[in-house]
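Below is one structure; the comments refer to it alone.
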Amino acid sequence: MSDFITIAIPKGRILEESVELFAKIGIDCRELLGKSRKLIFENEAQRMRYMIVRATDVPTYVEYGAADLGIVGKDTLMEQGKNLYEPLDLKFGYCRMMVAEPAGLADQDDPSRWSNIRIATKYPNVTEKYFAAKGVQVEIIKLYGSIELAPLVGLSQRIVDLVSTGETLKQNGLVEVETIAEITTRLIVNRASLKTKHKRISEIIEGLEKQI
Amino acid sequence: MIFKAENSKENSIPKGVTDFLPEQADKIGYIEGKICRVFELWGFRRIITPMLEYEDSLSLGMDDELRRRAFRFEDRQSARLLAIPPDITPQVARVEGMRMSGFPLPHRLFYTGRVLRHVESQSGRSRELFQAGVELIGLDSPEADAEMIAMAVEVLQKLGIEGFKVDLGQVDFFKGIMASAGLEAGTSRLLQEAIARKDSSAVRLILEGAALSDQLKEEIAALPRLFGGTEILDLAGRMVRNDRSQRALENLSEVIDILAIHGISEQLTVDLGEIRGLAYHTGLTFEGFVPGIGEPVCGGGRYDGLMARYGAAKPATGFAFNVLSLLQGLESRPEVEASKRMDLLIFNQQEDRRDALAIATGLRRQGISVARDIIRRDLEDSLEYARRMNILQVMIIAPDCGARDEVCLLKVADGTRRYVSKEEILAGNGRDLLG
């Protein structure tokens, strides 16, 4: 089993873009796009194995070495702070992690005067670090989805979330007030795998780098 | 919430610690035994350090991260803060400074022990680590560094591990580049974090805004990719300009040359962007990686600054194995499995126990492990017990078993029986008889 390279990939758009990118360096994993409910796929001839996992679980599989490589958003990496290598920015899946608030509040709000605020987010660790560095006390409400709802129903004044086109924000009467980070998709690598399989993994990294 | 097989709170154990039942404990003992044997063969002597230290004294020898992870509490006797050591090396350094500074050099010391470290909750990681390591104090020559790596390789080979790699680093290579860049502390820290993650794009982003020469930018930007085989050294040598980094490369290649004499070459990889433990290490560093195990199984390197913090400035190098991660990789190997087996269970059906005890004593003298069943029960039940306890054979002593003065040997695995005389067993060839 150890001469296989295992890659953990999350479902959805990242999966499609990843399959396309890997195809460019001769790694064929179109099988993953089929309707099968299988969670693990093997390409015997290319000595490759693919696992379909939840995006937030990708770093865990890779950190423990259950997968050698993983593909995951920088947002998840920032939030989890795992002990991993992230050698390559794959450049797709671009969005921004930002602070947003209702348009009405933004009109007379001055972020430099924030001192004690309540924020709803999927990213409590990033949020806490970001505001701690600015000396702002935050009360964080951890949510798992539909973050934009929180300010509309008075759960929090502001949110920290990802935005790509800004359409969801707009439709819910929110505006972006501060950008925390620019987010793209990353290739991550288990530390032991990079050492024990460095030839094959370096080839993949260098191959992908040329395509980006 | 109601759990099935509910444990009362009093009977549970804290998160991140484990009871090791005999099967696993035997395997841990087997692995530690192999490691310690190699340490002894290289002339190292055991040292035992206490489970408690004063926190301030222990902290002298730890970086911030390790200090944060120590278990600490107040001492009722002295009202000072105590810590349970999260690492044994600072303790060895303290002992060296306090007690051994007059001894002739070099000191070759080894230890096995358990340390405790806080971990993030729900990470599934153990808070208790089993370490087995060495410290070589008083030598600054590359041969001393090579000795550490050669010992690590010997242990991994003796444990029968295949495909492992020992990854070499040299923190002075990085420090040399950063010193000539002279960046302010904040930028420098960001760069360091990005290089540790091998995040090339973040490194380039940070460099964009920095006031540095193109040459230096190029050197820093290359760090996340300076890993691979020993050929990396030539590449790095052509690229880097400052003396300190060049000396680091020379040191690395000297160590690699000495390792070649030990017959160690193809197991080596080099990573000049590996800068974990930067606050602590001062020269060559290394980690051992085994296919299929996500974390390093051993790690260490040179720490010339540590002894001075305990009042006895001396160069030193050392490393330690993470025994539980080795166990993870070895658990199902036949020879490790075999380490938990016992030879014989004696099942006595006679009223008289003298034969049973005499045979047991005689066989133990021959180095065979023998347990007495003692409980009165059916042969079937005793066999089942032997199977569960990994005992290879059962000896039946009974008046109606075979000829007079014979006992029956029953192989637990396949149930085959053989009859041998008591005399023959006690004559000293028990090992042959048991096969």
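The values are calculated or read from the model by the stated rules, or taken from the named source; none is laboratory data. Keep in mind that this is a model prediction, so the values were computed, not measured. All Cβ positions, glycine included, derive from the backbone under ideal geometry; neighbour counts span all protein chains shown. The accessibility values were calculated without ligands, DNA or RNA, using every heavy atom of the protein model including side chains. Shrake-Rupley method; radii C 1.70, N 1.55, O 1.52, S 1.80 Å.
Please work out which one of (1) surrounded by fewer than 24 Cβ atoms within 10 Å (Cβ to Cβ); (2) of a type in the set (D, E, K, R); (3) more than 14 Å from chain A (Cβ to nearest Cβ) is the condition B:GLU295 fails and give its number.
With (1) surrounded by fewer than 24 Cβ atoms within 10 Å (Cβ to Cβ); (2) of a type in the set (D, E, K, R); (3) more than 14 Å from chain A (Cβ to nearest Cβ) applied to B:GLU295, the lone miss is (3).
For residues that are in contact with a helix residue (DSSP H, G or I) (Cβ under 8 Å, 6 or more places away or on another chain) and farther than 30 Å from B:ARG404 by Cα, scanning just the stretch B:338-374, find the one that is surrounded by the most Cβ atoms within 10 Å (Cβ to Cβ).
B:SER339
With more than 18 Å from A:LEU90 (Cβ to Cβ) and open to solvent by 20 Å² or more (accessible area, probe 1.4 Å) as the only criterion, which of A:LYS129, A:LYS195 stands out?
Answer to the check: A:LYS129.
Does the stretch B:21-39 contain any residue that is exposed (fewer than 15 other Cβ atoms within 10 Å of the Cβ), in contact with a Gly (Cβ under 8 Å, 6 or more places away or on another chain) and assigned by TED's automatic domain parsing to the domain that holds B:ALA150?
no
Would you check which residues across the stretch B:157-169 are closer than 20 Å to B:LEU284 by Cα and open to solvent by less than 10 Å² (accessible area, probe 1.4 Å) and list them? Steps first, please.
Step one: filter the stretch B:157-169 for residues closer than 20 Å to B:LEU284 by Cα, giving B:164-169.
Result: B:VAL166, B:ASP167, B:LEU168, B:GLY169.
Any residue in the stretch B:250-265 that is part of a strand (DSSP E or B) and either open to solvent by 10 Å² or more (accessible area, probe 1.4 Å) or touching a residue at least 40 places away in the same chain (Cβ under 8 Å) (or both)?
Within the stretch B:250-265, none of the residues are part of a strand (DSSP E or B) and either open to solvent by 10 Å² or more (accessible area, probe 1.4 Å) or touching a residue at least 40 places away in the same chain (Cβ under 8 Å) (or both).
Can you tell me which residue is most open to solvent (accessible area, probe 1.4 Å) among those in the stretch B:225-241 that are touching a residue at least 12 places away in the same chain (Cβ under 8 Å) and of a type outside the set (A, V, I, L, M, F, W, C)? Quick ask: steps written out before the conclusion?
If we filter the stretch B:225-241 for residues that are touching a residue at least 12 places away in the same chain (Cβ under 8 Å), which is where we start, we get B:225-230, B:232-233, B:236-237, B:239-241.
In the following step, the residues that additionally are of a type outside the set (A, V, I, L, M, F, W, C) were identified as B:225, B:228-230, B:237, B:241.
Numbers: B:ARG225: 66, B:GLY228: 4, B:GLY229: 10, B:THR230: 58, B:GLY237: 25, B:ARG241: 158 Å².
The qualifying residue most open to solvent (accessible area, probe 1.4 Å) is B:ARG241.
Within the stretch A:48-62, take every residue that is buried (at least 21 other Cβ atoms within 10 Å of the Cβ) and closer than 15 Å to A:GLU86 by Cβ and give me the one that is farthest from the other protein chains (Cβ to nearest Cβ).
Checking each candidate, the answer is A:VAL58.
How many residues does the stretch A:163-174 contain that are open to solvent by 50 Å² or more (accessible area, probe 1.4 Å) and of a type outside the set (Gly, Ala, Ser)?
The total comes to 6.
Are any residues in the stretch B:172-222 under 32 Å from the mean Cα position of the chain (by Cα) and outside any helix (DSSP H, G or I), and if so, which ones?
The answer is B:ARG197, B:LYS198, B:ASP199.
Could you check the stretch B:198-210 and list, in sequence order, the residues that are of a type outside the set (Asp, Glu) and surrounded by 22 or more Cβ atoms within 10 Å (Cβ to Cβ)? Walk me through it before giving the result.
The initial filter retains those residues of the stretch B:198-210 that are of a type outside the set (Asp, Glu), namely B:198, B:200-207, B:209-210.
Hits for the stretch B:198-210 are B:LYS198, B:SER200, B:VAL203.
Within the stretch A:158-182, how many residues turn out to be among the β-branched types (Val, Ile, Thr) and within 10 Å of another protein chain (Cβ to nearest Cβ)?
Of the residues in that region, 0 qualify.
Could you grab the pairs with beta carbons closer than 7 Å, sequence gap of 6+ or different chains, first residue in the stretch B:166-183 and within 14 Å of chain A (Cβ to nearest Cβ), second one part of a helix (DSSP H, G or I)?
Correct list of pairs: B:VAL166/B:ILE149; B:VAL166/B:ALA152; B:VAL166/B:VAL153; B:ASP167/A:LYS195; B:LEU168/B:LEU252.
Since A:THR185 meets every condition but one in (1) open to solvent by 70 Å² or more (accessible area, probe 1.4 Å); (2) within 14 Å of chain B (Cβ to nearest Cβ), which condition does it not meet?
All conditions pass for A:THR185, except number (1).
Restricting to the stretch A:183-209, count the residues that are touching a residue at least 40 places away in the same chain (Cβ under 8 Å) and out of contact with any strand residue (DSSP E or B) (no Cβ under 8 Å at 6 or more places or on another chain).
So the count comes out to 1.
Report, by residue number, each residue of the stretch A:145-162 that is out of contact with any Pro (no Cβ under 8 Å at 6 or more places or on another chain), open to solvent by less than 80 Å² (accessible area, probe 1.4 Å) and not hydrophobic (A, V, I, L, M, F, W, C).
In the first step, residues of the stretch A:145-162 are kept if they are out of contact with any Pro (no Cβ under 8 Å at 6 or more places or on another chain); the result is A:145-150, A:153-156, A:160-162.
Next, only the ones that are open to solvent by less than 80 Å² (accessible area, probe 1.4 Å) stay: A:145, A:147-148, A:150, A:154-156, A:160-162.
Answer for the stretch A:145-162, where residues must be out of contact with any Pro (no Cβ under 8 Å at 6 or more places or on another chain), open to solvent by less than 80 Å² (accessible area, probe 1.4 Å) and not hydrophobic (A, V, I, L, M, F, W, C): A:GLY145, A:GLU148, A:GLY154, A:SER156, A:ASP161.
(1) within 18 Å of B:LEU109 (Cα to Cα); (2) outside any helix (DSSP H, G or I): which one isn't true of B:ARG37, the others all being true?
So the condition that B:ARG37 fails would be (2).
Are any of the residues in the stretch B:302-325 closer than 25 Å to B:ALA222 by Cα, surrounded by 21 or more Cβ atoms within 10 Å (Cβ to Cβ) and assigned by TED's automatic domain parsing to the domain that holds B:ASP87?
Among the residues of the stretch B:302-325, at least one is closer than 25 Å to B:ALA222 by Cα, surrounded by 21 or more Cβ atoms within 10 Å (Cβ to Cβ) and assigned by TED's automatic domain parsing to the domain that holds B:ASP87, which makes the answer yes.
Going through the stretch B:276-292 one residue at a time, which ones are surrounded by fewer than 22 Cβ atoms within 10 Å (Cβ to Cβ) and within 14 Å of chain A (Cβ to nearest Cβ)?
B:ARG276, B:GLY277, B:PRO291, B:GLY292 - these are the residues of the stretch B:276-292 that are surrounded by fewer than 22 Cβ atoms within 10 Å (Cβ to Cβ) and within 14 Å of chain A (Cβ to nearest Cβ).
Among the numbered criteria (1) outside any loop (DSSP other than H, G, I, E, B); (2) among the aliphatic types (A, V, I, L, M); (3) away from chain A (no Cβ under 14 Å), which one does B:LEU326 miss?
Evaluating B:LEU326 over (1) outside any loop (DSSP other than H, G, I, E, B); (2) among the aliphatic types (A, V, I, L, M); (3) away from chain A (no Cβ under 14 Å) leaves (3) as the failure.
Give the residues of the stretch A:1-59 that are assigned to a strand (DSSP E or B), without any contact (Cβ under 8 Å) to a residue 24 or more places away in the chain and within 22 Å of the chain's Cα centre (by Cα), sorted by residue number.
A:ILE40, the sole residue that qualifies.
Which numbered condition in (1) among the hydroxyl-bearing types (Ser, Thr, Tyr); (2) under 30 Å from B:ILE31 (Cα atoms); (3) away from chain A (no Cβ under 14 Å) is the only one that B:THR269 fails?
Failed condition: (3).
Could you tell me whether any residue of the stretch A:87-101 is part of a strand (DSSP E or B), surrounded by 14 or more Cβ atoms within 10 Å (Cβ to Cβ) and over 20 Å from the mean Cα position of the chain (by Cα)?
For the stretch A:87-101, residues part of a strand (DSSP E or B), surrounded by 14 or more Cβ atoms within 10 Å (Cβ to Cβ) and over 20 Å from the mean Cα position of the chain (by Cα): present.
Could you tell me whether the stretch B:172-190 includes any residue that is in contact with a Phe, Trp or Tyr (Cβ under 9 Å, 6 or more places away or on another chain) and either closer than 30 Å to B:ILE293 by Cα or among the aliphatic types (A, V, I, L, M) (or both)? Outline the logic, then answer.
Applying the first criterion (in contact with a Phe, Trp or Tyr (Cβ under 9 Å, 6 or more places away or on another chain)) to the stretch B:172-190 yields none.
There is no residue in the stretch B:172-190 that is in contact with a Phe, Trp or Tyr (Cβ under 9 Å, 6 or more places away or on another chain) and either closer than 30 Å to B:ILE293 by Cα or among the aliphatic types (A, V, I, L, M) (or both).
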